[in-house]
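Single-structure report; data block below.
Derivation of every value follows stated rules applied to the coordinates shown; laboratory data play no part. Not measured: the values here are computed from a predicted model. FYI the Cβ positions are ideal-geometry reconstructions off the backbone, even for glycines, and counts take in every protein chain you see.
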Amino acid sequence: MKKSLTFIWYVLSAIAFFAAAILFVLGINKAGGLALGSGLLLMATTFLGNKATAKYAYTIFILAAVTFAITFPEYFTSIGNFQLKKLIVPLLQIIMLGVGCTLSWTDLTGALKMPKAVFIGVVCQFTIMPFVGLGIATLFAFPPEIAAGVVLVGCMPGGLASNVIAFLARANVALSVTLTAVSTLLAPLLSPFLMQQLGGQFVPVDFFAMLADILKMVIVPVFLGVLLNYFLKSKTVMINKVMPVVSMAGIVFIIVIITAAGRDSLLSIGIALVFAMFLHMVVGLSLGYFTARLLGLSKLNARTVGIEVGMQNGGLASGIAVQMGKIATVGLAAAVNGPIMNTFFSLIATWWGSKPVEEETKEKSFR
């Protein structure tokens, strides 16, 4: 019975995709977008029911949501006189509170246990991605505010989903958690500094305003989450079950709002921006991995560093773009980055997960 229902869902999604193709060819774009989004929703729902494909369902849900946002932007920009973009910062704070609830003081002091790997990972995070972002923004000759958005994504700390990807890829999850925590803690100083130096040529950047925004959106909620985890450990078990779902829904909502707000800009440079962000994370992953190997880290830890470097906290970049008042331009790169990152790194995790490596007992020293 279950297989029959799955087959029916697949047939319905195929019909929706076929209808979307015909409607787009005929120039009936609104109906085509509705059919395409519906087909993606049907596919994502079907994927959820299969263990082998369930990990891809979230990415497809994002693609469906983005399709609806591009097709019907008027429904995702405001409700009456209330601008939905005002929800981005509170949503990000809730997400970061949830992240904090999954951390402990041990995680925050994890750098003391593996200083070499953490040092290499953090240095790669805050050198490779910002400069690759600047290079790509310059190479593609994007309009200044779009280019600034690409650089902004590159200046962010590690992505929120990197720990899950590290687990699926059979990398060093403990190192991944530590790198995410350390890079997040360093972000209030390093991200504004790098953005001012590299992105300041495209848009004005206020170092102290950005520092304050990151403290408000990330550091304070994370530390509140850590405190909740410490003092209410028995209660946070339930929070940890609920928050991943809330976080995933929040990220989808943020991407949808930014996509709708920047629809016109996205349609004019969409393909180029998609390719640019894909290139950004591929280069980041590759340079992170091979740099770690050249500096003597094991293959296991090098995989972890590669994942951490390639995955950026696009949600934080979105929040900063909102605070800058440039959600429809500076925020676009972060919105595009989300679905591409989830798709690409899910595939990487599946591939690496099928080719596990053993941790080496000793890694080469710096000498």
Item to complete: Would you grab the residues whose amide H sits under 5 Å from the one on Ser78? Only those 5+ places off in sequence or on another chain, please, with H modelled 1.01 Å from N.
Response: Leu84
Response to the item:
The convex hull of the Cα atoms of the stretch 1-80, divided by residue count, gives a volume in Å³ per residue of 94
Practice prompt. Report ³J(HN,Hα) in whole Hz for each residue of the stretch 32-37, in order, from the Karplus equation J = 6.51 cos²θ - 1.76 cosθ + 1.60 where θ = phi - 60°; Gly and Pro get x.
Written response: x, x, 4, 5, 5, x
Fill in: 3J(HN,Hα) from dihedral phi, the stretch 123-135, Karplus parametrisation 6.51/-1.76/1.60, rounded to Hz, x for glycine, proline
4, 4, 4, 9, 10, 4, 5, x, 6, 5, x, 5, x
Item to complete: Can you tell me the 0 to 90 degree angle between the C-alpha axis of helix 220-231 and the longest principal axis of the chain, rounded to 10?
Response: 70
Worksheet item: Put +1 on the Cβ of each Lys and Arg and -1 on the Cβ of each Asp and Glu in the chain; which of Ile22, Ile307, Leu48 then has its Cα farthest toward the positive end of the dipole?
Response: Leu48
Worksheet, complete the sentence: Only helices counted: for the chain, with every DSSP H run of 4 or more residues adding -39500 (n - 2.57) and the sum spread over all residues, [θ] at 222 nm is -24000 deg cm²/dmol
Item to complete: Could you work out the relative contact order of the chain, using alpha carbon pairs under 8 angstrom and six or more residues apart, expressed as a whole percent?
Response: 24
Fill in: Average Cα contact separation per residue, the stretch 138-200, under 8 Å, 6 or more apart, as relative contact order %
44
Worksheet, complete the sentence: Ranked by GNM mean-square fluctuation in the chain (Cα springs under 10 Å), the top entry among Ala302, Ala141, Ala35 is Ala141
Fill in: Farthest toward positive dipole pole in the chain [+1 Lys/Arg, -1 Asp/Glu at C-beta], among Thr329, Leu12, Gly149
Leu12
Item to complete: Based solely on C-alpha atoms, express the radius of gyration and the Dmax of the stretch 219-359 in angstrom.
Response: 17.8, 51
Worksheet entry | Volume of the Cα convex hull of the chain, divided per residue and given in Å³ | 154
